[in-house]
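Encoded as structure tokens, the structure appears first; notes follow it.
Bear in mind that the values in this text are calculations on the coordinates, not laboratory data. Predicted model only: the values in this text are computed from it and were never measured. Every residue, glycine as well, gets a Cβ built from its backbone with ideal geometry; the counts of neighbours run over all protein chains shown.
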Amino acid sequence: MSPRAAESDSEVRRRSLDAVAAEYAKHRLGYPAAVFDAIAARVPPPASVLEIGPGPGLAILPMAERGYAVLGVELGANLACVARERLERYPSMRILNADFEGRFGGVAPRLYLTHLHLAHRIGGRVRW
């Protein structure tokens, strides 16, 4: 398959999910609390978090309830709208409707950089 055809298929999939954003949000199950417990153990609230592709906000909502400040970068306009509606009562939550890859050159998570820095200083390896 040519790269152009693959991009086209990807674009079709993205638009199809965005076209049914409200239905997707109603029927898609959320994540278990244990996921957010594990995040909180490593990065306790009130930390700032970047979520790439939050969709309708299924992970951001539990993070908002825990006290995180989250920026979600969502490509689909309808998905971003649904997420914003779900997060109205949390002013520390922002949903940006944008193409992450086109807007940002990369991500450098502080926790990851801290582990790399410490491993380099002590000559060890980073393990997750």
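Search the structure for amide H atoms under 5 Å from the amide H of Ala98, placed 1.01 Å from N in the peptide plane, and list their residues when 5 or more places away or on another chain.
Glu74, Leu75
Going by amide H atoms built from the backbone, whose H comes under 5 Å of the H on Val49, apart from near neighbours?
Under 5 Å from the amide H of Val49 lie the amide H atoms of Ala69, Val70, Leu71, each far enough along the sequence or on another chain.
Report ³J(HN,Hα) in whole Hz for each residue of the stretch 77-83, in order, from the Karplus equation J = 6.51 cos²θ - 1.76 cosθ + 1.60 where θ = phi - 60°; Gly and Pro get x.
4, 5, 4, 4, 5, 4, 4
Among the trypsin sites (Lys or Arg not before Pro) in the stretch 68-101, which ones are in a DSSP loop with at most 13 other Cβ atoms within 10 Å of the Cβ? Mind listing them? Present the calculation step by step, with values, prior to reporting the outcome.
Values: sites: Arg84, Arg86, Arg89, Arg94; in loops: Arg89.
Answer by residue number: Arg89.
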